[in-house]
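Before any comments, here is the structure.
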Amino acid sequence: MKLPQVGPVLRLLIPNIRLKMSRSLSTGTFQNSLPLNYRGGQRVQPIDSVGKEQAYEPSTGRVIATFNCSGEKEVNEAIQSAKSAFKQWSQKSGMERSRVMLDAARIIRERTEELATIETINNGKSIFEARVDIEISWLTLEYYAGLAGSMAGQHVQLPGGSFAYTRREPLGVCVGIGAWNYPFQIACWKAGPALACGNAMVYKPSPFTPISVVMLAEILAEAGAPTGLFNVVQGGASTGEFLCKHPDVAKVSFTGSVPTGSKIMEMASQGIKPVTLELGGKSPLIIFPDSDLENAVNGAMMANFLTQGQVCCNGTRVFVHRDILEKFTESVVKKVKTIKIGDPLLENTRMGPLINRPHMEKVLGFLKTAREQGAKILIGGEPYTPEDPKLKGGYYISPCVLGNCRDDMTCVKEEIFGPVMSILSFETEEEALERANNTTYGLAGGVFTSDIQRAHRVAAALQAGMCFINNYNVSPVELPFGGYKRSGFGRENGQVAIEYYSQLKTVCVEMGKVESAF
């Protein structure tokens, strides 16, 4: 996928060349042959390792990349590279940083088809969704490019003509640890505010999806970022531990599971490093009888089946008022039947495979337990084999709707992270809210109703960091994203993210003589 160095005239043709390359890729043909670490402005093999990993193409089950997990020496080299770039980047004005980020956003936008294709091959989501992810990615860089030049402090007048002011300063080298469900987008969500504030970053993607983030590093370099500003190390838990415990790391931002987030928080605390944790969820979606039924059904579909249900903020506990339960359930089942499952690179596919076989078996295990505990499978929930012979080794499950669910069932209490919707009935608003909040998670929640007072009342009462009224899973970069309770803390996106990638310095200026008490 890497193009050779070319002159200025041929450079104008590169977007078309890349577009043709991406269109020539089809499911079952891609094989990575390039190093997947990025350090010092180029792809490199790690200088030491702690084992090997393999990445798969979920739609076929083929191994598409084999790579060494970065060891302690490689992690240190990447951090030192970032540390060197930080000295230069942090001294640039906000407008200078903005220009680099805007250029990176432009390159991403021009390479949308190529990046979306690679994302689909390595992750399994439909090309339709992957294009949206890439769009959100360049919008994120554009948004934070706009904020880079607006970072400012405050002036405070003090008695006697003295005064004080504050400076918002970068932290230093930040570590980003990403998840496999939105590999490129999550990297941009973390890099955008970090770079806008003047930080450098070392990023570790999930070992399941190692490929596309390295392309982001190349794009930032092409846009004019200092060498070493954004480095990529590959690996699993051991590599992550080296990053979190390194004394030159100023902050860790992690997206992933609650158990891993807890370990990262513990490791970072040893160095008193701030952390941002975006963890799991078991979010409620409450549907009242006065809602527009078609709209509510569409919202429930969006809340459960994007990216094969592998979305942390999904509204997987769908509370439906008893008066419309039967009609709503029938409509949802009818809608689920129409979901096109298959080759994720085909334009009409709307659901691809799960990320890998162990995860597929885990989801099927949840469904087995659900049946044993009395839930009724209304549709789907079985291994699915597409007609295309090359997809027979893929990790497909038919989208599932569970009825007859109770709050004490495992499928209702625990995050499944697959294409599974659990429908529960309720009678009163108070009951629905009490049950919706009866969870250790607090990432998101939603409500469908035509009563505007009820809508805002329910949104205020939900114990969740992101709430939706008459919609679901809409996350523009302008809006802060993050959770309550065990779903984590800190925020990604929005202006507030600037506060999590910077620190405040107060400068006190005395304009008169010092009055000493001694």
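Given the condition hydroxyl-bearing (Ser, Thr, Tyr), touching a residue at least 12 places away in the same chain (Cβ under 8 Å), open to solvent by 10 Å² or more (accessible area, probe 1.4 Å) and assigned to a loop (DSSP other than H, G, I, E, B), answer yes or no: does some residue in the range 62-74 qualify? Within the range 62-74, none of the residues are hydroxyl-bearing (Ser, Thr, Tyr), touching a residue at least 12 places away in the same chain (Cβ under 8 Å), open to solvent by 10 Å² or more (accessible area, probe 1.4 Å) and assigned to a loop (DSSP other than H, G, I, E, B). Considering only residues that are farther than 18 Å from ASN473 by Cα and either surrounded by 23 or more Cβ atoms within 10 Å (Cβ to Cβ) or of a type in the set (D, E, K, R) (or both), which ones fall in the range 277-290? Selection gives LEU277, ASP290.
Looking at VAL249, VAL202, VAL213, VAL232, just one residue is surrounded by fewer than 24 Cβ atoms within 10 Å (Cβ to Cβ), closer than 29 Å to ILE272 by Cβ and not small (Gly, Ala, Ser), and that residue is VAL249.
PRO399: at pLDDT 95 or above, of a type outside the set (Val, Ile, Thr) and open to solvent by less than 20 Å² (accessible area, probe 1.4 Å), yes or no? So PRO399 fits the description; yes.
Please go through the range 216-229 and give me each residue that is among the small types (Gly, Ala, Ser), closer than 16 Å to GLY172 by Cα and either open to solvent by 10 Å² or more (accessible area, probe 1.4 Å) or in contact with a Phe, Trp or Tyr (Cβ under 6 Å, 6 or more places away or on another chain) (or both), ordered by number.
ALA225
Please indicate, with yes or no, whether at least one residue in the range 331-341 is out of contact with any strand residue (DSSP E or B) (no Cβ under 9 Å at 6 or more places or on another chain), among the aliphatic types (A, V, I, L, M) and in contact (Cβ under 8 Å) with a residue 12 or more places away in the chain. No, the conditions are met nowhere in the range 331-341. Annotation: GLU515 fulfils all but one of (1) open to solvent by 10 Å² or more (accessible area, probe 1.4 Å); (2) modelled with pLDDT of 95 or more; the unmet one is (2).
Within the range 125-170, count every residue that is within 30 Å of ASN356 (Cβ to Cβ) and either in a helix (DSSP H, G or I) or among the hydrophobic types (A, V, I, L, M, F, W, C) (or both). Qualifying residue count, the range 125-170: 15. Looking only at the range 487-512, residues that are among the β-branched types (Val, Ile, Thr) and either in contact with a Gly (Cβ under 8 Å, 6 or more places away or on another chain) or at pLDDT below 95 (or both) come to 0 in all. Total residues in the range 83-114 satisfying the condition of being in a helix (DSSP H, G or I), touching a Lys or Arg at 6+ places or on another chain (Cβ under 9 Å) and under 22 Å from SER212 (Cα atoms): the figure is 5. When the range 270-312 is filtered for residues that are of a type in the set (Ser, Thr, Tyr) and either free of Cβ contacts under 8 Å to residues at least 12 places away in the same chain or out of contact with any strand residue (DSSP E or B) (no Cβ under 7 Å at 6 or more places or on another chain) (or both), only THR307 remains.
Just one residue in the set ARG371, ARG406, ARG357 is in contact (Cβ under 8 Å) with a residue 24 or more places away in the chain, open to solvent by 40 Å² or more (accessible area, probe 1.4 Å) and over 23 Å from GLY281 (Cβ atoms); that residue is ARG357.
Among the criteria (1) under 20 Å from ALA303 (Cα atoms); (2) surrounded by fewer than 19 Cβ atoms within 10 Å (Cβ to Cβ); (3) of a type outside the set (Phe, Trp, Tyr), the one SER487 does not fulfil is (2).
Could you list all residues from the range 27-61 that are charged (D, E, K, R) and free of Cβ contacts under 8 Å to residues at least 40 places away in the same chain?
Of all residues in the range 27-61, those charged (D, E, K, R) come to 39, 43, 48, 52-53, 57.
Result: ASP48, LYS52.
Residues that are surrounded by fewer than 19 Cβ atoms within 10 Å (Cβ to Cβ), out of contact with any helix residue (DSSP H, G or I) (no Cβ under 6 Å at 6 or more places or on another chain) and outside any strand (DSSP E or B) within the range 36-61 comprise GLN45, GLY61, listed in sequence order.
So which strands (runs of 3 or more DSSP E) are wholly in the range 200-303 and hold at least 2 residues that are not aliphatic (A, V, I, L, M)?
200-204, 230-232, 249-255, 275-278
The values are calculated or read from the model by the stated rules, or taken from the named source; none is laboratory data. What you see is a predicted model, and the numbers here were worked out from it, not measured in a lab. Please note: Cβ atoms are built from the backbone with ideal geometry, for glycine as well, and neighbour counts cover all protein chains shown. All accessible areas refer to the heavy atoms of the entire protein, side chains included, with ligands and DNA or RNA removed. Shrake-Rupley method; radii C 1.70, N 1.55, O 1.52, S 1.80 Å.
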